[in-house]
Each structure stands twice: as C-alpha cells, then as structure tokens.
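The values are calculated or read from the model by the stated rules, or taken from the named source; none is laboratory data. Everything numeric here is computed off the predicted structure, so don't read it as measured data. All Cβ positions, glycine included, derive from the backbone under ideal geometry; neighbour counts span all protein chains shown.
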Amino acid sequence: MKRVWLANLRASTGKMQKDVADSAGISQPAYSSIEAGTKNPTVETAKRIAAVLGFDWTMFFEEPSSGDSA
C-alpha cells in the first residue's frame, strides 16, 4: 500500500527521492520501493529515513489509515 504520508512529508521538505536515499544511505530505487509500499524498510533503515525527514520511525510499522492509499 502506497505510503502517501511519506511522499507528502518528503515533498513538504523540498527533497527528491534521491536526496532522502543518499542521506539515509540507501539507493534511490530502494527508497522508491519503500515510499511506494512495495517493500518495507528494516528498523535501521526506517530510523535513518525518519532522521532525514524528521518524523517518528515507528510510523513505518503502524497500521495504515484510510488516507494512506491513493
């Protein structure tokens, strides 16, 4: 399920997927798959992405709300 909240958060910071991926130490395709919801991040990767974008890393592992799929 697409992580719309993640894409919106990234966009609100003015960062491109590659910017977040580089800062988090992962590839852009890996980040894209996480944002698209086709792959789940490891806890370590979730923490690094969250640190880059400034949110609580546990959001990756919470139940999605109805607004998360679009």
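I'm trying to understand the selection: among the residues of the range 13-65, which are surrounded by 13 or more Cβ atoms within 10 Å (Cβ to Cβ) and among the aromatic types (F, W, Y)?
Scanning the range 13-65 gives Y31, F55, W57, F60.
Against the condition in contact (Cβ under 8 Å) with a residue 60 or more places away in the chain, farther than 16 Å from W57 by Cβ and of a type in the set (K, R), how does K2 come out, does it pass? Outline the logic, then answer.
Values: in contact (Cβ under 8 Å) with a residue 60 or more places away in the chain: yes; farther than 16 Å from W57 by Cβ: yes; of a type in the set (K, R): yes.
Spelling it out, K2 is indeed in contact (Cβ under 8 Å) with a residue 60 or more places away in the chain, farther than 16 Å from W57 by Cβ and of a type in the set (K, R).
Going through the range 5-41 one residue at a time, which ones are within 19 Å of T58 (Cβ to Cβ) and over 11 Å from the mean Cα position of the chain (by Cα)?
Residues of the range 5-41 within 19 Å of T58 (Cβ to Cβ): 5-10, 20, 24, 26, 31, 34-35, 37, 39-41.
I26, the sole residue that qualifies.
Determine if the range 59-66 includes at least one residue that is hydroxyl-bearing (S, T, Y) and modelled with pLDDT of 95 or more.
First, the residues of the range 59-66 that are hydroxyl-bearing (S, T, Y): 65-66.
With modelled with pLDDT of 95 or more added as a condition, the list becomes none.
No, the range 59-66 has no match at all.
So which pairs qualify, if the first residue must be in the range 24-51 and aliphatic (A, V, I, L, M), the second must be surrounded by fewer than 16 Cβ atoms within 10 Å (Cβ to Cβ), the Cβ gap must be under 6 Å, and the two must be at least 6 apart or on different chains?
A36/K2
Taking the range 12-21 only, how many residues are free of Cβ contacts under 8 Å to residues at least 12 places away in the same chain and closer than 14 Å to K47 by Cα?
1
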